[in-house]
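Below you will find the structure I want to go over with you.
The values are calculated or read from the model by the stated rules, or taken from the named source; none is laboratory data. Computed from a predicted model, the values in this text were never measured in an experiment. Positions of Cβ are backbone-derived with ideal geometry, glycine not excepted, and every protein chain shown enters the neighbour counts. Just the protein is used for accessible areas: all its heavy atoms, side chains included, with ligands, DNA and RNA removed. Shrake-Rupley method; radii C 1.70, N 1.55, O 1.52, S 1.80 Å.
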Amino acid sequence: MKDKKIVVFLLAAAALLVVPLIAQQFGNAWVRIIDVSLLYVLLALGLNIVVGYAGLLDLGYVAFYALGAYMFGLLASPQLGETFANIRQGFPHGLHAPIWVVIPAGAALAGFFGVLLGAPTLKLRGDYLAIVTLGFGEIIRVFLNNLDAPVNITNGPKGISQIDEMRIFGFNLGKTHEILGFDIPKVTNYYYLFLALVVLSVVICYRLERSRIGRAWMAIREDEIAAKAMGINTRNLKLLAFGMGATFGGVSGVMFATFQGFISPESFSLQESIMIVAMVVLGGIGHLPGVILGALLLAALPEVLRYVAGPLQELSGGRLDASILRQLLIALAMIGIMLSRPRGLWPQPEHGKAAPVPATPTVK
């Protein structure tokens, strides 16, 4: 059995390495769809720590995504140099911090705000917690949207452009490189970076799930009062869940900023937050393979349906808007999934099982 698992892992690894090389033969747009899907997998894995493991409903998770993106945007673009003369004098060619500084800074900033959000919500549960986290996400978005006066820091609704490409040991991921006769464009370079981060995140989440911390989170999720009675420090563990989940969001935001090269508050709307929650719920709360499947499906589905909505619009004589039709198809797909699989596409096998009923002895 162990040998079979090793063979399966090796085949899966080989397939993942080859996927972008095959997809780019049909156009870089398809590789870009896969890249965006991997970014959403990172976000869903982070939210799964908060929602899936600890049972804390967070509807403002996109705020940590935005904080990581803006941290990278400010430290790896000319934005701060154009605003502050002191920075412009010290860095005449622009502030271009190395990734080894920016990525930990983005993760640390998001983690700090995660703990900051968790501290006043420790006694809240269910709908009340969801409303507070939703408000936090909107506050961050509005704050970033208006932080262009009196001092222009985030450039407001215009967003931040000219963000640096990712460089790893001098290797520029934003340029096309030729390796073994294959042209490796920007989208393929970023695919391998995102894939490495997803694999690392899966390993971290897998180890957390089976650790004492992970089992304590699940105890809080099932019954917080019973967990507290058993001696679990629910306050510290909730704060840890918020902080660790937010850290994943911050790293994802850094990757999004360098991949896009441009960020604005419009990229971090409430709809994004709801979509990330839907990925975790539709895939299977608390189950890593299910969360990954849900993220890949819901991230890729809207882009793939672009190719379906256009012909359907033509069949209706142009009376239906393609974007609205695409959202309708996504909603119908989500409703169908929840009706057919109410616990998610790939739910946790152990979660929700009833205790076995003892057999009644028969009297002879």
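Quick one: length gained pulling LEU180 to LEU312 fully straight, 0.36 nm per residue minus the C-alpha distance?
In short, 43.3 nm is gained.
While we're looking at this one, here's another question. Around PHE256, under 15 Å between beta carbons, what's the net of Lys plus Arg minus Asp minus Glu among the other residues?
Taking every other residue near PHE256 into account, the sum is -2.
Using a probe of 1.4 angstrom, how much of the accessible area of the chain is carbon and sulfur, in percent?
Taking all protein chains in place, the chain shows 68 percent carbon and sulfur surface.
A follow-up question, please. Run the helix sum for the chain: -39,500 (n - 2.57) per DSSP H stretch of 4+ residues, divided by residue count, reported at 222 nm to the nearest 500 deg cm²/dmol.
One gets -21500 deg cm²/dmol as the mean residue ellipticity at 222 nm.
Roughly how tilted is helix 270-283, in degrees to the nearest 10 and between 0 and 90, from the longest Cα axis of the chain?
40
In addition: Throw me the Rg/Rh for the range 130-270, computed over C-alpha atoms with Kirkwood Rh, two decimals.
We get a ratio of 1.09 for the range 130-270.
Using the Kirkwood formula on the Cα atoms of the range 210-320, what hydrodynamic radius do you get, in angstrom to one decimal?
Computed over the range 210-320, the radius equals 17.3 Å.
Out of all Cα-Cα pairs in the range 13-112, roughly what percent, to the nearest whole number, are more than 16 Å apart?
70
With no solvent and one point on each alpha carbon, what is the Debye value of log10 I(q)/I(0) for the range 253-317 at q = 0.12 Å⁻¹?
One equal scatterer on each Cα of the range 253-317 leads to -0.45.
For the range 9-17, take each phi angle, set θ = phi - 60°, evaluate the Karplus expression 6.51 cos²θ - 1.76 cosθ + 1.60, and give the result in whole Hz per residue in order, putting x for glycine and proline.
Rounded to whole hertz, the list is 4, 5, 5, 5, 5, 5, 5, 5, 6.
Additional query: Whole number please: convex hull volume per residue of the Cα set in the range 60-173, in Å³?
123
Right, something else. Residue separation times 0.36 nm, minus the C-alpha to C-alpha distance between PHE171 and VAL151: what's the value?
The span from PHE171 to VAL151 would gain 3.7 nm if fully extended.
Would you mind putting 224-237, 171-184 in packing order, based on average other-beta-carbon counts within 10 Å, highest first?
Most protected by this proxy first, the peptides run 224-237, 171-184.
Expressed in nm², what is the orientationally averaged projection area of the convex hull enclosing the Cα positions of the chain?
26.6
As a test of understanding, state the convex hull volume per residue of the range 133-173 from its alpha carbons, in Å³.
Output value, Cα hull per residue: 116 Å³.
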